[in-house]
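Worksheet: one structure, shown below.
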Amino acid sequence: MSTPPQRFEILLVPEHVEGRDAATLAQFAIRSAVVETTGRQGSSGYPRYVGDGIEADIDPATRTVEALLVDGAELDYGLSARVVDATDR
């Protein structure tokens, strides 16, 4: 069993933005945050990451955000959370 990554960057982008390239996503991001693992599982069963006002349960294998709070609230409609390696940019 491999160890999950210690940190990711979460980019909040408008839903219509396509692609997975970190540089392209960063151009359209309205907010970004580097999140680090807490060492605990979130309510979704995936590792919990926290940082810069964002709490997220992330599936490290697929880089899918399974649960997300931004400043303690759910993500606004029309926005999407994308996960990239914290070192991609």
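Between Gly19, Gly39, Gly51, which gets the highest mean-square fluctuation from a Gaussian network model of the chain, Cα cutoff 10 Å?
Gly19
For a quick check: with amide H placed at 1.01 Å from N, whose amide H comes under 5 Å from Leu75's, ignoring anything fewer than 5 positions away on the same chain?
Sorted by chain and number, the residues that satisfy this are Val70.
What's the ranking of 52-60, 21-29 by average number of surrounding C-beta atoms within 10 Å, highest first?
Ranking the peptides 52-60, 21-29 by packing returns 52-60, 21-29.
What are the ³J(HN,Hα) values, in whole Hz, obtained from phi via the Karplus relation 6.51 cos²θ - 1.76 cosθ + 1.60 with θ = phi - 60°, for each residue of the range 32-45 in sequence order, with x given for Gly and Pro?
Values per residue, Gly and Pro as x: 9, 8, 8, 10, 10, 5, 8, x, 10, 8, x, 5, 7, x Hz.
May I ask you to derive the FRET efficiency for Leu79 and Gln6 from their Cβ-Cβ distance with R0 = 35 Å, giving the value to the nearest 0.05?
0.85
Would you be so kind as to identify which of Thr62, His16, Ala73 lies farthest towards the positive end of the dipole of the chain, taking Lys and Arg as +1 and Asp and Glu as -1 on Cβ and the Cα centre as origin?
Result: Thr62, furthest along the dipole toward the positive end.
Please get the size of the charge dipole for the chain, origin at its Cα centre, with Cβ charges of +1 on Lys and Arg and -1 on Asp and Glu, quoted in debye to the nearest 20.
220
Determine the gain in length on full extension of the stretch Arg40-Ala67; use 0.36 nm per residue of separation and subtract their C-alpha separation, reporting nm with one decimal.
Taking 0.36 nm per residue and subtracting the Cα distance, the gain is 8.3 nm.
Pick from Val17, Val70, Val50: which is most flexible by mean-square fluctuation in a GNM of the chain where alpha carbon atoms under 10 Å apart are linked?
Val17
Counting only helical runs of four or more DSSP H residues, what would the 222 nm mean residue ellipticity of the chain come to if each run contributes -39,500 (n - 2.57) and the total is spread over all its residues?
Calculated from helices alone, the mean residue ellipticity at 222 nm is -2000 deg cm²/dmol.
The numbers here are math on the coordinates, done by the rules we state, and not lab data. All values derive from a computational prediction rather than experimental measurement. When we count neighbours, we look across all protein chains shown, and the Cβ atoms used for this are built from the backbone with ideal geometry, even at glycine.
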